[in-house]
Amino acid sequence: MDKFNIEDFTLLKQQNIHYLDNAATTQKPNCVLEAVREYYDKKNANPMRGLYDLSIAATEAYEDAREAVSKFINARDVSEIIFTRNATESLNLVAYSYGMNFINEGDEIIINISEHHSNMLPWREVAKKTGAIIKYYECDSDGRVDPDKLDEMMNERTKIVAIAQVSNVFGYTQDIKEISKRVHKYGAYIVCDGAQSVPHIPVDVQDLDVDFLAFSGHKMYAPMGIGVLYAKKEILEKMPPFLYGGEMIEYVTKDSATYAELPHKFEAGTVNDGGAVGLHAAIDYMNNIGWDTLIGRELHLTKIAMEEMAKIPNVSIIGSDKAENHSGIITFKIDGVHPHDIAAIFDSKNIAVRAGHHCTQPLHQHMGLMSTTRASITFYNNEADIEAFIDCLKGIREAMGYGK
Amino acid sequence: MANNTFYNEVLTYHNMNPIHKHDIDDANFELEGVNPSCGDDIILKLKIDEQGKIVNGGYTGDGCAISQASADMMLDLVIGKPKEEAIRLADIFFRMIKGNITDEELDELDEASILQDISHMPARVKCAVLGWHTLENIIKDADENGIPKIGIEKK
């Protein structure tokens, strides 16, 4: 018996919607919303600062959340968890603090062509400022990065390899453990975008041996505005702060400042304690349901959807033909129909899908496509969602004026 | 939420069988209109005679059904009319999208009036107005710089 109930999600229960845009953001279960409410009802004060009980409670709630995140991804040390707004901010932190200070002219940065703009544009800025060289790795049509081919691109000048564990277009899960091994052979760092992986598969940062991992809370049932940067402690220690201001100093005079210990060095200003508490509750919720259910339901529904889609003429799926390689992400095109028209027709049937370039314009140019449509499934979806999606999909070309 | 009847026969017909989607050899005005976020892209070409009448027009490009059909229906309306009249119709069209229009004005838009409901789909408004904005900019250019006798003034 599955350990979750659709009743957990007020929005899904109350609104007549087939929500298939989970790779963009997920819905939030009641336990997460209640945890945030309880934090503000019972513990709200400015954490890290006060010397009174309430502020201490707020600080504890925040640090408990950090502990929960650390355990969830099996970090070596809790100080390796930096709270940010989202994966984009985490990746910018790495680029601005590490990239701008440790990368030099002639150094090489390798970016997988399917990267989200957030793990691409910050590195292009670093290259522009430092004179480093950007090299694009071209993944195959399944979205896979071949560690051997990547190895051939690397040399002693390689400093950064930017790669998502799961692509937000293909849904393919990379062999990050092997890729890390190759990257470290050249003394480079791997900057892994975990925005689509951490919500969908167990991620163990020690096993993967990634140097940096970024992810967002809002894609894993937590509120918007809380995200995480994991980084190895020895790297974080040598990095300068990213943002300067309150909460991140030890001692400041008119001429000098010493900065706080990790992780506070990277958390300037008043933090998002309510968001961190929500993320903690979301992690507890996921742990309680368990990966067997989370992955099992998602895979089952993805399989049904892909099997049915394969039967529809003029519909083609981007990436692998195996559901196991999609992490619930099904990006597709319909011959002769623009994705914005496709999304509008789905919307008329209360089905939420994403249309556009999914923040991966260079990939779309590489594939020769202007834009695509994406349905993304998670565990709380059900067979009725998939059925509605397939029924609507079957009729789209006809609705747009093509013959049956 | 969109109404599915929005993709009605008129719209899909203009998208599938556009009347004006072709190059114009003797055009003297040309302008590209792009919606970068969704990739709608049209190149509008017009021939405006010395009296300021739009004597011929066509467009090429790529994009969603709404952007393409809207440009096609627009050309249906404005070809053969003085440029001032085209500007007046563009103004009516923009006001229709904003929901600020009389029934008589709506009738003047003929088939283009089927896009009235786009006002309920804010994300698609820019698709519907792309052709009209491009037209408006071409005519502004004609007013400011005069009408060239022959050939296209490349920018």
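The values are calculated or read from the model by the stated rules, or taken from the named source; none is laboratory data. The structure displayed is predicted, hence computed values, not measured ones. Positions of Cβ are backbone-derived with ideal geometry, glycine not excepted, and every protein chain shown enters the neighbour counts.
The figures follow:
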| read-out | value |
| --- | --- |
| Some residue of segment A:120-134 being hydrophobic (A, V, I, L, M, F, W, C), assigned to a loop (DSSP other than H, G, I, E, B), touching a residue at least 12 places away in the same chain (Cβ under 8 Å) and touching a Phe, Trp or Tyr at 6+ places or on another chain (Cβ under 8 Å) | no |
| Flag if B:LYS53 is buried (at least 16 other Cβ atoms within 10 Å of the Cβ) and within 14 Å of another protein chain (Cβ to nearest Cβ) | no |
| Flag for B:ALA112 being touching a Ser or Thr at 6+ places or on another chain (Cβ under 8 Å), farther than 13 Å from B:LEU77 by Cβ and surrounded by 21 or more Cβ atoms within 10 Å (Cβ to Cβ) | no |
| Selected residue [surrounded by 14 or more Cβ atoms within 10 Å (Cβ to Cβ) and outside any loop (DSSP other than H, G, I, E, B)] from A:ALA45, A:ALA61 | A:ALA61 |
| Some residue of segment A:286-304 being of a type outside the set (D, E, K, R) and touching a strand residue (DSSP E or B) at 6+ places or on another chain (Cβ under 9 Å) | yes |
| Test for A:THR302: is it away from chain B (no Cβ under 11 Å), assigned to a strand (DSSP E or B) and buried (at least 17 other Cβ atoms within 10 Å of the Cβ) | no |
| Some residue of segment A:362-371 being closer than 26 Å to A:LEU299 by Cβ, crowded, with 16+ Cβ neighbours inside 10 Å and within 23 Å of the chain's Cα centre (by Cα) | yes |
| Within segment B:119-149, considering residues that are within 20 Å of B:ASP40 (Cα to Cα) and free of Cβ contacts under 8 Å to residues at least 40 places away in the same chain, the one nearest to the other protein chains (Cβ to nearest Cβ) | B:ALA123 |
| Within segment A:75-116, considering residues that are more than 16 Å from A:VAL210 (Cα to Cα) and charged (D, E, K, R), the one surrounded by the most Cβ atoms within 10 Å (Cβ to Cβ) | A:GLU115 |
| Test: residue in segment B:77-91 that is under 19 Å from B:LYS140 (Cα atoms) and within 14 Å of chain A (Cβ to nearest Cβ) | no |
| Candidate set: segment B:25-50, residues that are over 18 Å from B:PRO82 (Cα atoms) and away from chain A (no Cβ under 14 Å); chosen: the one surrounded by the fewest Cβ atoms within 10 Å (Cβ to Cβ) | B:ASP25 |
| Conditions (1) surrounded by 13 or more Cβ atoms within 10 Å (Cβ to Cβ); (2) modelled with pLDDT under 90; (3) within 23 Å of B:PRO82 (Cα to Cα): number failed by B:ALA123 | (3) |
| Sole exception among (1) closer than 26 Å to A:SER348 by Cα; (2) of a type outside the set (A, V, I, L, M, F, W, C); (3) part of a loop (DSSP other than H, G, I, E, B); (4) at pLDDT 90 or above for B:GLN51, by number | (1) |
| Selection status of A:ARG397, buried (at least 17 other Cβ atoms within 10 Å of the Cβ), outside any helix (DSSP H, G or I) and charged (D, E, K, R) | no |
| Among the candidates A:ALA375, A:ALA384, residue that is in contact (Cβ under 8 Å) with a residue 60 or more places away in the chain, away from chain B (no Cβ under 11 Å), among the hydrophobic types (A, V, I, L, M, F, W, C) and assigned to a helix (DSSP H, G or I) | A:ALA384 |
| Enumeration of residues in segment A:305-358 that are more than 14 Å from every other protein chain (Cβ to nearest Cβ), under 21 Å from the mean Cα position of the chain (by Cα) and not in a strand (DSSP E or B) | A:ILE318, A:GLY319, A:SER320, A:ALA323, A:GLU324, A:ASN325, A:HIS326, A:SER327, A:GLY328 |
| One residue from A:ASN112, A:ASN92 being of a type outside the set (A, V, I, L, M, F, W, C) and touching a Cys at 6+ places or on another chain (Cβ under 7 Å) | A:ASN112 |
| Some residue of segment A:138-148 being assigned by TED's automatic domain parsing to the domain that holds A:VAL198, basic (Lys, Arg), more than 14 Å from A:LEU363 (Cα to Cα) and over 14 Å from the mean Cα position of the chain (by Cα) | no |
| Which numbered condition A:GLY275 misses (of (1) outside any loop (DSSP other than H, G, I, E, B); (2) farther than 20 Å from A:PRO47 by Cα) | (2) |
